[in-house]
1. Calculate the spin-label point distance for Lys241 paired with Ser200, positioning each point 7 Å from the Cα along the beta-carbon direction, and give it in nanometres.
2. Would you mind working out the accessible area per residue for the range 201-248, using a 1.4 Å probe, and quoting it in Å²?
3. If you count only protein heavy atoms and use a 1.4 Å probe, how large is the accessible surface of Arg28, to the nearest 10 Å²?
4. Please calculate the 1.4 Å probe accessible area of His192, with all protein chains present, and give it to the nearest 10 Å².
5. Can you give the accessible area of Arg235 in Å² (nearest 10), computed on protein heavy atoms with a 1.4 Å probe?
6. Using a 1.4 angstrom probe on the protein heavy atoms only, line up Lys241, Lys60, Lys86, Lys6 by accessible area, largest first.
7. Would you grab the residues whose amide H sits under 5 Å from the one on Arg99? Only those 5+ places off in sequence or on another chain, please, with H modelled 1.01 Å from N.
8. Given a Förster distance of 35 Å, report the FRET efficiency between Arg232 and Phe2 from their Cβ-Cβ distance, rounded to the nearest 0.05.
Amino acid sequence: MFDPVKTAMRIPVTQTSERAGQSKEFRRSSELRARFSEVYALYKRGDAETALDELQQILKHAESDDLRLADWLLLPTYLQYMNQTKKAWKVINILLQRRQDWSSQCEIAEKMCKIARSANDRTRLYAAMMWISCCEGVARLEEVDSEFESLGLTEKEYVSLWFSICGEGRPSKPVASADKHLTQHSNKLWIHACSIDFVSLHLRLQNYAHRLGLPFDERLTEALIHYRLSKRDLRFEDVLKIVRRHIVRDKITAWRLWHRFTD
């Protein structure tokens, strides 16, 4: 039997600047599709152990170009189904360390939300929700920065545009401009500004948590914004520490009260 942790180490490493696994030209061979279908059928029948073995055979021998991140994320899914949640988190941590592009980080965080929810792990669940926001924000800002030179703006003009959208108070929706590229740029800046505005961000996190049947404390939103604005290099481990500092006894009480009135 394979070791899922060692199997996870085979995933290709990506960097922050890359958009891994997003190619529209991605195609899988019919043979590999059939093998994944067999693995899924085993899992649906409740034979997760055999499904996990077969999955690891595929991940070990298939070409990396034939695999998507979603395929690797089946590892923690099957492990949790087999009540091996601790090992599932070890696999997740390896994937986080090796897939450093923000698109992959976001996809991994979404899987973390599902695993944490099933395991009733509030700390990791809140951290994963907050990390999704971080990943989306950084990816969005990278897109904005990549267009900086193409717009022919000077640094002074760029800063002026930023502050006209992200000034005091809540961001204001940019007005349509005659310059199509400038309007698109303004819209991206506006969306990013909303992701660090307290009211906009808290409402989004609150709505996300509500779909999972959870409360979301304002202090977590405040801490997340402060972290994003004060750190150049964002790390999931730091977000996890933020949640651990804020999940105190009053949070546990709020959790119990929430379920008392919603169950």
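1. Placing both labels 7 Å along Cα→Cβ, they lie 2.9 nm apart.
2. On the way: 2930 Å² over 48 residues.
Accessible area per residue: 61 Å².
3. 40 Å²
4. It works out to around 10 Å².
5. Taking all protein chains as shown, Arg235 has close to 120 Å².
6. Details: Lys241 115, Lys60 90, Lys86 170, Lys6 145 Å².
Sorted descending by solvent-accessible area, the residues read Lys86, Lys6, Lys241, Lys60.
7. Thr14
8. Numbers: r = 38 Å, r/R0 = 1.10.
Plugging the Cβ-Cβ distance into 1/(1 + (r/R0)^6) gives 0.35.
The values are calculated or read from the model by the stated rules, or taken from the named source; none is laboratory data. Given the structure is predicted, the values throughout are model-derived calculations rather than measurements. Note that we place each Cβ from the backbone using ideal geometry, even for glycine, and neighbour counts take in every protein chain shown. Note: areas computed on protein heavy atoms with side chains; ligands, DNA, RNA excluded. Shrake-Rupley method; radii C 1.70, N 1.55, O 1.52, S 1.80 Å.
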